[in-house]
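Colleague: Below are the structure tokens for one structure; questions will follow.
We did not get these values from a lab; they are worked out from the coordinates using the rules stated. Quantities reported herein were computed from a predicted structural model and do not represent experimental measurements. Here the Cβ is made from the backbone with ideal geometry for all residues, glycine too, and neighbour counts use every protein chain on show.
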Amino acid sequence: MAFFARAIRHSNPYLRSRAPPPAVAASCRWISPTAAAGSPEAGAAVAPADPEMPPPREPVGGARVELPSNPEDALEVFVDGHAVRIPKGFTVLQACEVAGVDIPRFCYHSRLSIAGNCRMCLVEVEKSPKPVASCAMPALPGMKIKTNTPVAKKAREGVMEFLLMNHPLDCPICDQGGECDLQDQSMAFGADRGRFTEMKRSVVDKNLGPLVKTVMTRCIQCTRCVRFATEVAGVQDLGMLGRGSGEEIGTYVEKLMTSELSGNVIDICPVGALTSKPFAFKARNWELKGTETIDVTDAVGSNIRVDSRGPEVMRIIPRLNEDINEEWISDKTRFCYDGLKRQRLNDPMIRGPDGRFKAVTWRDALAVVAEVLQHVKPEEITGVAGKLSDAESMMALKDFVNKMGSDKVLCEGNGPNPPADLRSNYLMNTSIAGLEKADVFLLVGTQPRVEAAMVNARIRKTVRATQAKVAYIGPPTDFNYDHEHLGTGPQTLVEIAEGRHSFCSTLQSAKNPVIIAGAGLFEREDQDALFSTIQTVAKKFNVVRPDWNGLNVLLLHAAQAAALDLGLVANPTESIKSAKFLYLMGADDVSLDKVPDDAFVVYQGHHGDKAVYRANVILPSSAFSEKEGTYENTEGCTQWTIPAVPTVGDARDDWKIIRALSEVAGAQLPYDSLSGVRDRICMVAPNLLQVDERESCTISSEVKPPVKQQVSSTPFKTVVENFYMTDAITRASKIMAQCSATLLKK
Amino acid sequence: MSQTGRGCSRRRLASGDGGVRGAPWAAAASGGATGDGGASRRATATVVRWATAGQCDGRRRRLASGDGGASRAISYAAAGCSSRLFSTALNYHIDSPENNPDMPWEFTEANMKKVNEILSHYPSNYKQSGIIPMLDLAQQQHGGWVPVAAMNAIAKIVGVAPIRVYEVATFYTMFNRTKVGKYHLLVCGTTPCMIRGSREIEEALLEHLGVKRNEVTSDGLFSVGEMECMGCCVNAPMIAVADYSKGSEGYTYNYYEDLTPKRVVEIVEMLRRGETPPRGTQNPERKNCGPAGGNTTLHSEPKPPPCRDLDAC
């Protein structure tokens, strides 16, 4: 409804009563990020504004426009009488946005190509005989754009009347109701009556799979979904079929939308034609409480908004973050939320002699665990953090295990000997946004499409925009962009390092080459040799320079980067084999068959997943949607989750459980508040407290000792077998199970 | 239209006398709105026929009625029905034994040469420009219609996703995506031909062949379709005959103009016998589009237009 409010304000400046913008005498506004903007001298030089003219507005959404350094590449246009300076190549619509005028639109989307087919963005341009579709018209120097004249208003009203001709009047039963562009804009820009009395057309609904519900009769043919599928998702399945009033969006042949980003068409659809199938008829958007948090199902840390009603997460939608996920999220992020309501652990439980779990109080459960702890040798204690753990709980776990006299604390997925000495050895140093500057990609043992869908979307964007070349070493896999499959094993990598491979010439000529190594390599025996080979390649082809660091590791789990920062680096095989007391903090993917039979296993987690079957004691904890936690994503950017809903049952935050246990076990941790834990984190890894910042590593990798290990010839493995089910939450999700059943290629 | 006019038409539509006329709408609404599967698709096909009936019905009523506003409403409603449902084909594909993506399909060797010739017209990075001529070629090769397998084959040749070819094939009404007869008869239904009796022409054709519109006769020889203006208004009414009986080599696309219901049946019979009826006007008194009985004007050689003396400049 914010749009509506803005629109009303624009359509009648006299309605604007509260909070007038600061009076600027200048009618000419220089939009620039520098402090020189709107300087008093500039204002003094220009004549005072016409008293009848409404005062100038701020750019839409607080957008900042960077003018090119060369003044000849900028031009000046007049929007409703106010001069604005814009870079060359801006469209009329963008110029209006800079001038603070929000032009109504349906088909235009800043991240998709321009279609110009909805005609809603018509504005009047002086000396133009007809209203101009502002989204498709480049702004020309001195253009006088009028957005509020009778011509422009009538044009919009007319377009709106045509759009509403065939649009069903089913807002009361439409899931888009309340957040519908058509609804809002027809209120703001439409006429109060229509002249259409005939029958509305109807269109057969399409089956796009278990995620996207279609009501094609509501479609206004803006083709945003077609462009999204073609350009961003890279699956050319959707198209515009037929012509005239029979035109419809479809796939022609029966086909499901098998993209890992398909859920985003729900967001970009301006009407209720494409809506969320799992969310259908569940809630109205105005009943929901939005909590701005981050996603933990992969290592990207996509920014999301968790919409909840009471204690229930109703849906997850993306939040804009240009540096990480832009405005998209993967289907796993968007639809895993029903896993938060299923298979949850409510109460502390102890496995009785009959092998069945019995719910007990926290006091009893902690006492049992502490009792066992007294009877094991310190070196037999092992702590394992799971892939969804936050930094606070990993810090607490590490401190606790250390305090008990053991140094065997690790995070699953980090392998036997993770390269934790230097931060740059396990982070995406180029940063996700920085990938757009690359011109050659070398993917080593990583399948970004399933490991980190948003990173893959960024690579695809780069490939589309600049024809960057992608080469891949690893098992055959799906890519949604052109790529060259160089080989399946490390030999190919060695060939490149020795300059014997044909791909070397491409790397040699690259300006900004990027190497991305998968975190799956951490699990390999020869990972030291592999990473040293990769570093040789990087050195040979100038991948790491003072102005460019193209050597990246793409991590798999949300906890991985923070775990390496905090030093949870014990060898899992040995630690687990020798453990008599195993503390699993949400760790379900450790090799449980290696756990000795007489070991006492404590499982602290939020889902009754794999590890519960082996556990002796269960301590219920809260999921990412219920706690405040610090996560570091694959590019080393620290972000916080914010609790959106209360925890279920008797569950507690992970770090609090460990803190309580430490007291019962007689090894009290020296902090009992979140800020206390964070102070402790600050001593170990200060970067984990600098939220939304990427602290780059300054020490070069050359200080590493030489590696004597030999590269083995075992081919790289596929790390993520099922994109939709990778952790405890997604494995508990029914929607993800449906996706795995229908969308994965057999 | 004014507020009164709107109210009036609404009342009229709601009133009881729309009972007969109401039926096609009901059919249309249910046909389009029902869910999935073949049932609704068949229903949509029914709608096409219903709508035509509704339109005729509306026309007669308007002639009979004295009330201006109301008759306008009827004709609008009827036109609304028909214009929306004239489209002869569905915008989606239904698998059948003779039309499915798994069917092997490729251009014949002779046509492959033509395909290469077509592709040579366009830069190598704009191969998709060849989609339309290639669809046309595929249609000629495949007896007048393009199966989905052919579209896939074309997509492969030009290197685009199949949906890009489907988009083109569904956009252009001259690409048939379901089976047609060896002789595909297209009756022009636009205003001048309609005034000159194209409906009677179509009725005569349908009655003679014993089919409905867009159906193929049991011998597979003929099918009747409808087309919009083909630019022969001066010789209306007319039909176009697409002859797919001789493959893409002997493919012809001829106009037969100045038709009468009797003459059009004669033409069909000549085609059935394998003869080639004289194309163009069927009125023996006319030559091309000249007036019956010879020219009435322009008897002499036309005078060249005045031109300034270029040598003098």
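Colleague: How many Cβ atoms of partner chains, on average, are near each residue of A:111-119 if near means within 10 Å of its Cβ?
Modeller: Per residue, the number of nearby Cβ atoms from other chains is 0 on average.
Colleague: What residue among A:C96, A:N166, A:W362 has its Cα farthest toward the positive end of the dipole of chain A, where the charges are +1 on Lys, Arg and -1 on Asp, Glu, each on the Cβ?
Modeller: The residue sitting farthest along the positive end of the dipole is A:N166.
Colleague: What 222 nm value per residue comes from the helices of chain A, counting each DSSP H run with n ≥ 4 as -39,500 (n - 2.57) and dividing by all residues, nearest 500 deg cm²/dmol? Please list the in-between numbers first.
Modeller: On the way: 21 runs with 184 residues, N = 746.
Helix contribution divided over all residues of chain A: -7000 deg cm²/dmol.
Colleague: Here is a follow-up. Please identify which residues in segment A:598-626 have an amide N closer than 13 Å to a label point set 7 Å out from the Cα of A:L744, following the Cα→Cβ vector.
Modeller: none
Colleague: Given an 8 Å cut-off on Cα distances and at least 6 residues of separation, report the relative contact order of segment A:205-260 as a percent. All intermediate terms of the calculation are to be shown ahead of the outcome.
Modeller: Numbers: 68 pairs, mean separation 19.4, N = 56.
Relative contact order comes out at 35 percent.
Colleague: Which whole number gives the average count of other chain Cβ atoms within 10 Å of the Cβ atoms across peptide B:160-170? Walk me through the numbers before you get to the answer.
Modeller: Numbers: counts 1, 7, 7, 15, 3, 2, 7, 9, 2, 2, 10.
The per-residue average across the peptide is 6.
Colleague: Determine the gain in length on full extension of the stretch A:A420-A:T361; use 0.36 nm per residue of separation and subtract their C-alpha separation, reporting nm with one decimal. The partial results should precede the final answer.
Modeller: On the way: separation 59, 0.36 × 59 = 21.24 nm, distance 3.87 nm.
Additional length available on full extension: 17.4 nm.
Colleague: Given contacts defined as C-alpha pairs under 8 Å and at least six residues apart, what's the relative contact order of chain A, whole-number percent?
Modeller: Details: 1572 pairs, mean separation 97.2, N = 746.
RCO, chain A: 13 percent.
Colleague: For peptide A:235-248, how many partner chain Cβ atoms fall within 10 Å of a residue's Cβ, on average? Don't skip to the answer; put the middle values down first.
Modeller: Working: counts 2, 6, 3, 3, 10, 6, 11, 9, 7, 6, 6, 10, 4, 4.
If you average over the peptide's residues, the count of other-chain Cβ atoms is 6.
Colleague: At 7 Å along Cα-to-Cβ for each site, give me the label-to-label distance between A:E72 and A:K540 in nm.
Modeller: 4.4
Colleague: Packing-wise, with mean Cβ within 10 Å as the measure, how do A:353-366, A:547-560 rank, highest first?
Modeller: Details: A:353-366: 13.6, A:547-560: 25.9.
The peptides rank, most packed first, as A:547-560, A:353-366.
Colleague: Continuing with the same structure: Among A:680-691, B:92-103, what's the highest-first ranking by average C-beta atoms within 10 angstrom per residue?
Modeller: Details: A:680-691: 15.9, B:92-103: 14.1.
The packing order, highest mean first, is A:680-691, B:92-103.
Colleague: Could you please state, rounded to a whole Å, how far the C-alpha centre of segment A:532-572 is from the C-alpha centre of segment B:216-238?
Modeller: Cα centres, segment A:532-572 to segment B:216-238: 70 Å.
Colleague: Could you tell me which of the pairs A:K282/A:K656; A:K358/A:K656; A:K539/A:K708; A:K332/A:K580; A:K377/A:K717 are separated by over 25 angstrom between their Cα atoms in the structure shown?
Modeller: Values: A:K282/A:K656 34 Å; A:K358/A:K656 22 Å; A:K539/A:K708 18 Å; A:K332/A:K580 36 Å; A:K377/A:K717 37 Å.
Cα-Cα > 25 Å for A:K282/A:K656; A:K332/A:K580; A:K377/A:K717; rest within.
Colleague: Using 0.36 nm per residue of separation minus the Cα-Cα distance, give me the extension gain between A:Q710 and A:D597 in nm, one decimal.
Modeller: Numbers: separation 113, 0.36 × 113 = 40.68 nm, distance 3.49 nm.
Full extension from A:Q710 to A:D597 adds 37.2 nm.
Colleague: Taking a cut-off of 22 Å between Cα atoms, list the lysines near A:K153, but don't count ones fewer than 8 places away on the same chain.
Modeller: Filter leaves A:K127, A:K130, A:K144.
Colleague: Cβ neighbours within 10 Å, averaged per peptide: list A:210-218, B:117-125, A:480-488, A:615-623 in order, most packed at the top.
Modeller: Values: A:210-218: 21.6, B:117-125: 11.8, A:480-488: 16.2, A:615-623: 24.4.
Averaged packing, sorted descending, gives the order A:615-623, A:210-218, A:480-488, B:117-125.
Colleague: Pick out, in residue order, every one of the GluC sites (Glu not before Pro) in segment B:231-313 that is DSSP loop and has at most 16 other C-beta atoms within 10 Å; say none if there are none. Write down the numbers at each step before the final one.
Modeller: On the way: sites: B:E249, B:E257, B:E266, B:E269, B:E275, B:E285; in loops: B:E249, B:E275, B:E285.
Passing sites in segment B:231-313 are B:E249, B:E275, B:E285.
Colleague: Let me ask something else. Distance between Cα centroids, segment A:211-239 to segment A:363-397: provide it in whole Å.
Modeller: 49
Colleague: Output the pairs from A:K206/A:K627; A:K206/A:K734; A:K387/A:K577; A:K200/B:K156 with a Cα-Cα distance over 31 Å in this structure; if there are none, say none. Before the final figure, lay out each step's value.
Modeller: Numbers: A:K206/A:K627 39 Å; A:K206/A:K734 22 Å; A:K387/A:K577 20 Å; A:K200/B:K156 38 Å.
Violating the 31 Å limit, Cα to Cα: A:K206/A:K627; A:K200/B:K156.
Colleague: Just to confirm the filter: which chymotrypsin sites (Phe, Trp or Tyr not before Pro) across segment B:108-177 are DSSP coil and have at most 16 other Cβ within 10 angstrom of their Cβ?
Modeller: Values: sites: B:Y126, B:W145, B:Y166, B:F171, B:Y172, B:F175; in loops: B:W145, B:Y172, B:F175.
Here the chymotrypsin sites (Phe, Trp or Tyr not before Pro) that fit, given the DSSP loop and packing criteria, are B:Y172.
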